[in-house]
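Take a look at the structure set out below.
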Amino acid sequence: MIEKVKVNSQRINISFTVNGEQQQLQVEATKRLVDILREDLSLTGAKISCEIGRCGACSVEVDGELVNSCLMRAYQLNGKSVYTVESLSENGLHDIQKAFLEEGGFQCGYCTPGMIMAVKTLLEKNKKPTDEEILDALSGNICRCTGYAGIIRSVKKVIQAI
Amino acid sequence: MADYTSNLASSRPRPDGMGKVTGALNYFTDLQFPNMLYGKVLRSEHPHAKIQQLNIEKAEQLPGVLAVITSKDVPGLNGFGLITQDQPVFCDQVVRYVGDAVAAVAAITPEIAERAIKRIEVTYEPLPIMDDPESAMNPDSTPLHSGGNILHEASYENGDVDEGFPLCDVIIEETYLLPRQMHAYMETEGGVFVPERDGRLSVYAGTQHGYKDRLQLARILNLSEERIRVISSPMGGSFGGKDELNIQPYGAILALKTGRPVKIHQSRRESMISGIKKHPMKITMKTGAKKTGEIVAHEVRIIADTGAYATLGPAVLDFAVEHAIGPYVIPNVKTKGYAVFTNNGVAGEFRGFGGNQITFALEGQIDRLADDLHMSPLKLRKKNLRQGTDPGPVGQMIAPTNGDSLVLDEITQSPLLALDKRDSDNPWKKTGVGVALTMHGGGLGFGRMDPSGGKISLNHEGKIEIAFGFEEVGQGLLAVIENITTEAIGCSSEDLHIVIGDTDKVPHSGSSTASRGTSMIWHSLQRLKGPFKEKLLDTAAKRSGYQKEQLCVGEKGIWLNGQRILTFEQLFLENEPISIDTKFDFPTTPNSIPGGHFLYSFAAVAVKVEVDLITGAIKVTDIDQAVSAGPVVNPNGYIGQIEGGTIMALGYTLLEEAAMQQSRYTTENFDTYILPTIQDIPPKMNVRAIEDLWEGDMYGPRGVGEIGTVALAPAIVRAIYDATGHWVTKLPVSREEILHAREMVF
Ligand code: FES
Ligand code: FES
């Protein structure tokens, strides 16, 4: 019945940045990044759905890479730079968010923060991805509602605008 | 190049879009309350067992645990179920499936709650497991419930099949096996239960029908309904799965017992084990036709595995029986269906509602007949198609419609069907095309209480407040309300304040199910708009001194000759409230056929697949789809429902199965329950919406939540046959079967 790996875990001090802001926390060494974000920092954009790295609902960006935050733990966070969906709209809507709004890239919205972070990390590395590269980059993010077509339309809209 | 097109223009962003794309929207499972506890439910270790002993002492003693509850703590009825309350909140004598709850705890952290659960000691005496509905039906089998193991029987007969079959030149007899599909809403069941200072209980948990949850909880808690407030939208998906109660009874009892807010959020594994699923069905059909293609006789037997409890099992079976001949005219029909209790996972409401299973079998029969008759599958369908004013599939009177022939004509134009079947240079890759058709009833049907309604008023902020008891499960209900209301009233979207999902604030509209939401919202506004505008204009005339006839309702207020003379805010007066409500029933057929529908929508699907003969993998490369469901209310929502439903059906056909062995799930999370990813979708999908309705049809837009999920599976299976010469009868299509078939073919 164990859902979360629960070792008798010590509390450790970690220092890392979240959305550009320095954070010093004392947490259990094995606390998951997704729980740190949601519970300690009240950033609930990253969602919990499978907790085994298969759905991407918890996707955030760590040092420029897309990461399932349900799989990363406190002891791996020191010195890291984490970005969550909340960072995108700090200065008005990001182009990716606008495109999702206009093209129907979401329905229930539960996969959306993770999906948008996946698109963001892709486009940061590769401004003109091919179809295959888009599919590859988003293949770890499950959406049960849209059938992905609206998501692909959204991504293409962003790429065209670049 | 990925290409996802339709004949619809895109629409303005949904009202709930901002919160969703920014991550700012708080789902109920995101909520935190001061002093909040965490709840967890202990489910059964066995699919079928007697509970000999239940000891909670050690759990209670664990520091940080504030409550451990069992059946003794249920203040009222120890049972729930949308129709029959046969599922215990907590079992105390017998457990009937692995999702049965035995106890629950509330603790200060989720970790402590989990540890406490492990300290609860239950001694079981395992009982024989009934994992096969057909043996469970056997009169000698141990009954799981006092009424025996047949939960429900349904049948339909017309003409005489025994006289019909001898007249046939071709008879096809086949058995089709349909899997247990999981809704797999991305947000698992969860929410927060808050005891309020005034003694009331607030329930923050997603559902498809807040008032129904309130009623069910009132019975369980032994509280009057008014003392419970259910806040129920939005949520991270439902697809039928959250219409029935899930964690609400446990959270509610724990909150009342501890006097503190309690949050429960099921893990995916807990969700998989306890959540309802789509009914696995075994459908045998015998269908006969003359050389000319005229279908003469059709005999159907349906066995639906409904699992341990009733929930909506009977209604799902009725739906399957009703749709057993689909849009075709067959003079001799005999359909018999059984929904059977087993110790397997509970099956209940699921998008498609029995239509997916029965259509898979029916369209499979039509395709096989066509093949035997050397006739084009499209031509055979056309030949046997009902006419616009013909009765419905169980002989009932329905709203006249030729949606079936419209979608069939449209799909005939699909370039996929004209495909020159030249296989690629690779001899190990075969391509094939298939087409299928479906007719799908909307609303709950005859004999089931199906009231709806809404309320419109001018509020103190000068906003037009439009309220419904419907829920936003992700389908885009808010956009539908916005579009229909602004169009009916003539105001702008900024003038609106939409209220849903809170039993303290909304009128009764019935459940957000059975593709009825859009339809009922439209019907409500047809009734509300006249009297409401009338009242607004009366007040405006009084206030301005102009003649009422000179004025009209427009953006941000009342207009005269192209000029706004009063804002809505100026119209509001505390002592002269402007408010109209409406109540009515979903239109049903006048014929007394349980569940018989009156309004139908239609879809035809053409697909192209590529079969890899080395791996057995099936790749769907193209899907063309024509849908007839009346006028489109919100283009993005419409395409989204069809595309999303289609890919859910693609999962059903090729990937998904909540498999069980000996009544235990063998898949418990997304590592073994395989959902379609973005890599699985076809590079091309087209949706054509046909908006025309039968002349004089007054029923407006029909919902499209389900229609996209129905016809894909048979079309894919036909395409696989086209490619390989092998007929698949069991979903999801297994790669081993394809490889095995390759051996046979070559
Ligand atoms: S919740 Fe982290 S990948 Fe699913
Ligand atoms: S929008 Fe619901 S899961 Fe993607």
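The values are calculated or read from the model by the stated rules, or taken from the named source; none is laboratory data. Predicted model, so just to flag it, every value in this text is computed and none were measured. Neighbour counts run over all protein chains shown; Cβ positions are idealised from the backbone, glycine included.
Worth a mention:
- For the stretch B:492-522, a residue qualifies if it is assigned to a helix (DSSP H, G or I) and of a type outside the set (Ser, Thr, Tyr), and the qualifying residues are B:GLU494, B:ASP495, B:GLY517, B:MET520, B:ILE521, B:TRP522.
- Matching residues, the stretch B:29-40, being crowded, with 24+ Cβ neighbours inside 10 Å and more than 11 Å from chain A (Cβ to nearest Cβ): B:LEU37, B:GLY39
- Residues satisfying the criterion are present in the stretch B:684-699 (criterion: in contact with a Pro (Cβ under 6 Å, 6 or more places away or on another chain) and more than 10 Å from every other protein chain (Cβ to nearest Cβ)).
- Candidate set from the stretch B:650-683 (those that are over 15 Å from A:ALA149 (Cα atoms) and at the interface with chain A (Cβ under 8 Å from one of its Cβ atoms)); member that is surrounded by the fewest Cβ atoms within 10 Å (Cβ to Cβ): B:ASP671
- Strands (runs of 3 or more DSSP E) contained entirely in the stretch B:562-648, each with at least 1 residues that are within 14 Å of chain A (Cβ to nearest Cβ) and surrounded by fewer than 22 Cβ atoms within 10 Å (Cβ to Cβ): B:618-628
- The listed residue being away from ligand 2 (no atom under 11 Å from the Cβ) and under 14 Å from the mean Cα position of the chain (by Cα), out of A:GLY114, A:GLY140, A:GLY109: A:GLY140
- Selected residue (criterion: surrounded by the fewest Cβ atoms within 10 Å (Cβ to Cβ)) from residues of the stretch A:108-119 that are within 16 Å of ligand 1 (Cβ to nearest atom) and β-branched (Val, Ile, Thr): A:ILE116
- Checking each residue in the stretch B:13-48 for being touching a residue at least 24 places away in the same chain (Cβ under 8 Å) and in contact with a Pro (Cβ under 6 Å, 6 or more places away or on another chain) picks out B:PHE33, B:MET36, B:TYR38, B:HIS46.
- Checked against (1) small (Gly, Ala, Ser); (2) away from ligand 2 (no atom under 16 Å from the Cβ); (3) over 25 Å from B:ALA107 (Cβ atoms), B:ALA255 meets all criteria but (3).
- Some residue of the stretch A:76-94 being within 16 Å of ligand 2 (Cβ to nearest atom) and in contact with a Phe, Trp or Tyr (Cβ under 7 Å, 6 or more places away or on another chain): no
- Residues that are at the interface with chain A (Cβ under 7 Å from one of its Cβ atoms) and of a type in the set (S, T, N, Q), drawn from the stretch B:1-28: B:SER10, B:THR22, B:ASN26
- Meets criteria (closer than 28 Å to B:PRO234 by Cα, surrounded by fewer than 20 Cβ atoms within 10 Å (Cβ to Cβ) and of a type outside the set (A, V, I, L, M)) for B:GLY23: no
- Qualifying residue in the stretch B:336-359 (condition: crowded, with 24+ Cβ neighbours inside 10 Å, in contact with a Phe, Trp or Tyr (Cβ under 7 Å, 6 or more places away or on another chain) and among the charged types (D, E, K, R)): yes
- Tally of residues being in contact with a helix residue (DSSP H, G or I) (Cβ under 7 Å, 6 or more places away or on another chain) and at the interface with chain B (Cβ under 9 Å from one of its Cβ atoms) across the stretch A:105-116: 7
- Tabulated pairs, the stretch B:225-237, first within 14 Å of B:ASP213 (Cβ to Cβ) and aliphatic (A, V, I, L, M), second in a loop (DSSP other than H, G, I, E, B) and within 16 Å of ligand 1 (Cβ to nearest atom), C-beta under 7 angstrom, 6+ apart or interchain: B:MET235/A:CYS108; B:MET235/B:TYR27; B:MET235/B:GLU187
- Residue match in the stretch A:150-162 (condition: outside any helix (DSSP H, G or I), without any contact (Cβ under 8 Å) to a residue 24 or more places away in the chain and either over 20 Å from B:ILE642 (Cα atoms) or in contact with a Ser or Thr (Cβ under 6 Å, 6 or more places away or on another chain) (or both)): no
- Output for the stretch B:1-45, where each listed residue is small (Gly, Ala, Ser) and closer than 28 Å to B:ILE647 by Cα: B:ALA2, B:SER6, B:ALA9, B:SER10, B:SER11, B:GLY17, B:GLY19, B:GLY23, B:ALA24
- Count - residues of the stretch B:179-203 that are in a strand (DSSP E or B) and either in the same structural domain as B:PRO676 (by TED's automatic domain parsing) or buried (at least 24 other Cβ atoms within 10 Å of the Cβ) (or both): 5
- The residue that is farthest from ligand 2 (Cβ to nearest atom), counting only those in the stretch A:143-152 that are at the interface with chain B (Cβ under 7 Å from one of its Cβ atoms) and closer than 19 Å to B:GLU706 by Cβ, is A:ALA149.
- Members of the stretch A:32-42 found to be in contact (Cβ under 8 Å) with a residue 12 or more places away in the chain and within 15 Å of ligand 1 (Cβ to nearest atom), listed by number: A:ARG32, A:LEU33, A:VAL34, A:ILE36, A:LEU37
- Matching entry among A:ALA29, A:ALA57, A:ALA99 (being among the aliphatic types (A, V, I, L, M), within 13 Å of ligand 1 (Cβ to nearest atom) and in contact with a helix residue (DSSP H, G or I) (Cβ under 9 Å, 6 or more places away or on another chain)): A:ALA57
- Flag if A:CYS50 is within 16 Å of ligand 1 (Cβ to nearest atom), out of contact with any strand residue (DSSP E or B) (no Cβ under 8 Å at 6 or more places or on another chain) and not assigned by TED's automatic domain parsing to the domain that holds A:GLY150: yes
- Within the stretch A:120-162, being more than 16 Å from ligand 1 (Cβ to nearest atom) and closer than 15 Å to A:VAL67 by Cβ holds for A:LYS120, A:LEU122, A:GLU124, A:LYS125.
- Pairs where the first residue, in the stretch B:333-344, is free of Cβ contacts under 8 Å to residues at least 60 places away in the same chain and the second is surrounded by 24 or more Cβ atoms within 10 Å (Cβ to Cβ), C-beta under 6 Å, 6+ apart: none
- For A:TYR83: the one exception among (1) of a type in the set (Phe, Trp, Tyr); (2) away from ligand 1 (no atom under 15 Å from the Cβ); (3) not assigned by TED's automatic domain parsing to the domain that holds A:LEU33: (3)
- Just one of the listed residues (B:ILE302, B:ILE273) is surrounded by fewer than 24 Cβ atoms within 10 Å (Cβ to Cβ), aliphatic (A, V, I, L, M), within 30 Å of B:PRO133 (Cα to Cα) and more than 16 Å from ligand 1 (Cβ to nearest atom), and it is B:ILE273.
- Qualifying positions in the stretch B:687-731 - crowded, with 22+ Cβ neighbours inside 10 Å, of a type outside the set (Val, Ile, Thr) and closer than 17 Å to B:GLY651 by Cβ: B:GLY705, B:GLU706, B:GLY708, B:ALA711, B:LEU712, B:ALA713, B:PRO714, B:ALA715, B:ALA719, B:LEU731
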